[in-house]
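Worksheet: the structure to be examined is printed underneath.
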Amino acid sequence: MKTLTLPKARLDFLVSVLQQFGEIHGPVAQGDRFVFRRLRRWSDARLDYTRTILPLKKYFLPPRERLFRYRRGEGYVADTTDLERRIVLFGVHACDIYGLNILDQVFGGRYPDPYYQTRRRQVAVVGIDCTPDEHCFCRSMRADVVTRGFDLFLQDLGDRYLTFVGTALGDDMVLATEGLFQPVTRDDVEDYKRRSADRERMFRLEAEIRDLPEIFEMEYGSRLWDELGERCLGCGACSMVCPTCYCFDVADEVALGSTDGARDRVWDSCLFASHAAVSGGENFRASRASRIKFRFYHKQRGFVAEYGRPSCVGCGRCLDVCPAGIDMVEIIAGLREVDHAAAQ
Ligand code: SF4
Ligand code: SF4
């Protein structure tokens, strides 16, 4: 991967050049939180942000989107509004890029999703490094350093950024700046290694994922799931903010007596009571305990079986929003604890 440096004082110039690649979207403050949205002014960008309320999936799998309209006798017409909008997502953290890589696997795999893929092709990603806070455990989930899924990635070295060029589009971005980027020096390499080691020491949360799928497998009947079921409110907030939760519902909108209508896709959550309800009144996961167990199993065991890694990237959003204080790291630690009573 090509590596260059960029003077920090020229970041605004880089962003002005990147406008030819699409609308610039980046992190901005919203009260005491942060959101990703279009930057009208570069001065609005908050590159010191921790995490945004919603992850980047909102760009590729919007909370609600119209898939198509239909009329009896005429078939259907796909809704392509905004599908071809060119966007540069500027200032994306490594864990969120991992989240996107995971969604790419899901929506580009066995059942490729044309809506997702069309949007994804139009969006460039410029990553930036970050400082972990008390809810970050991306290092434990092996998502603290990213090697693909971005066009450029900026590593802060004080007065400059070490810049990884990840794609041919990233190369085009560098070329478009006409000499802004410089070759890497020995000092840059030493500074990078020092900062990388410093950052490593900043993580306060740890989750041990070694043999975790096997432990999940064996702890399917653990009383921990019932305890969590008692605490969980079934609000679904954890799924909504999760960069790798992608469940959706499909809803038809048809006026009574009408011959035309539309089909929408709407975010859903496996924590909702209705999620596994089917016609005839059957609900395959009627209890909250079974639903929360499903969510954790899907993230830490089922996804590993299918894609070779957990789908949790340790972004800390679910820890941040859960009104019941349900915490992925605590649950992993709880499942790892030896039950001495059972061992006797
Ligand atoms: S499960 Fe929680 S910590 Fe893991 S990726 Fe989803 S929101 Fe982030
Ligand atoms: S945010 Fe917490 S309370 Fe709400 S569904 Fe998720 S685990 Fe349950």
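Filtered by the rule that a residue be more than 16 Å from ligand 1 (Cβ to nearest atom) and touching a Ser or Thr at 6+ places or on another chain (Cβ under 8 Å), segment 226-236 gives a lone residue, Gly229. Selection of segment 67-112 for residues being free of Cβ contacts under 8 Å to residues at least 40 places away in the same chain and farther than 30 Å from Ser258 by Cα yields Glu84, Gly108, Gly109, Arg110, Tyr111, Pro112.
Might you let me know whether segment 105-115 holds any residue that is within 17 Å of the chain's Cα centre (by Cα) and within 16 Å of ligand 2 (Cβ to nearest atom)? Looking through segment 105-115, none of the residues is within 17 Å of the chain's Cα centre (by Cα) and within 16 Å of ligand 2 (Cβ to nearest atom).
Looking only at segment 38-45, decide whether some residue is in the same structural domain as Gly179 (by TED's automatic domain parsing), surrounded by fewer than 15 Cβ atoms within 10 Å (Cβ to Cβ), under 21 Å from Asp151 (Cβ atoms) and among the charged types (D, E, K, R). Checking segment 38-45: at least one residue is in the same structural domain as Gly179 (by TED's automatic domain parsing), surrounded by fewer than 15 Cβ atoms within 10 Å (Cβ to Cβ), under 21 Å from Asp151 (Cβ atoms) and among the charged types (D, E, K, R). Of the residues making up segment 41-74, those that are within 22 Å of the chain's Cα centre (by Cα), more than 20 Å from Leu319 (Cα to Cα) and in a helix (DSSP H, G or I) are Tyr59, Phe60.
Does segment 324-344 contain any residue that is outside any helix (DSSP H, G or I), in contact with a Pro (Cβ under 8 Å, 6 or more places away or on another chain) and open to solvent by 30 Å² or more (accessible area, probe 1.4 Å)?
Of segment 324-344, the ones outside any helix (DSSP H, G or I) are 324-327, 337-339, 344.
Now narrow it down to the ones that are in contact with a Pro (Cβ under 8 Å, 6 or more places away or on another chain): none.
Checking segment 324-344: not a single residue is outside any helix (DSSP H, G or I), in contact with a Pro (Cβ under 8 Å, 6 or more places away or on another chain) and open to solvent by 30 Å² or more (accessible area, probe 1.4 Å).
Specify which of the listed residues (Glu219, Glu230) is modelled with pLDDT of 95 or more, over 22 Å from Ala143 (Cβ atoms) and more than 25 Å from the chain's Cα centre (by Cα). Don't jump to the end; show me each part of the working.
On the way: Glu219 fails: modelled with pLDDT of 95 or more.
Criteria check complete, one pass: Glu230.
Of the helices (runs of 4 or more DSSP H) lying entirely inside segment 195-309, those containing at least 1 residues that are open to solvent by less than 30 Å² (accessible area, probe 1.4 Å) and within 16 Å of ligand 2 (Cβ to nearest atom) are 224-231, 237-241, 288-297.
Is it fair to say Arg66 is closer than 21 Å to Thr131 by Cα and not aliphatic (A, V, I, L, M)?
On the way: closer than 21 Å to Thr131 by Cα: no; not aliphatic (A, V, I, L, M): yes.
It is false that Arg66 is closer than 21 Å to Thr131 by Cα and not aliphatic (A, V, I, L, M).
Applying the criterion of being touching a helix residue (DSSP H, G or I) at 6+ places or on another chain (Cβ under 6 Å) and aromatic (Phe, Trp, Tyr) to the residues of segment 114-151, the residue that is surrounded by the most Cβ atoms within 10 Å (Cβ to Cβ) is Phe137.
In summary, Leu61 fulfils each of the numbered conditions (1) farther than 17 Å from Cys242 by Cα; (2) open to solvent by less than 10 Å² (accessible area, probe 1.4 Å) with the single exception of condition (1). Among the numbered conditions (1) within 16 Å of ligand 1 (Cβ to nearest atom); (2) crowded, with 19+ Cβ neighbours inside 10 Å; (3) under 27 Å from Thr131 (Cβ atoms); (4) of a type in the set (A, V, I, L, M), the only one that Ile53 does not meet is (2).
The values are calculated or read from the model by the stated rules, or taken from the named source; none is laboratory data. Given the structure is predicted, the values throughout are model-derived calculations rather than measurements. Using ideal geometry, Cβ is built from the backbone for each residue, glycine included, and neighbour counts are taken over all protein chains shown. Heavy atoms of the whole protein, side chains included, go into the accessibility calculation; ligands, DNA and RNA do not. Shrake-Rupley method; radii C 1.70, N 1.55, O 1.52, S 1.80 Å.
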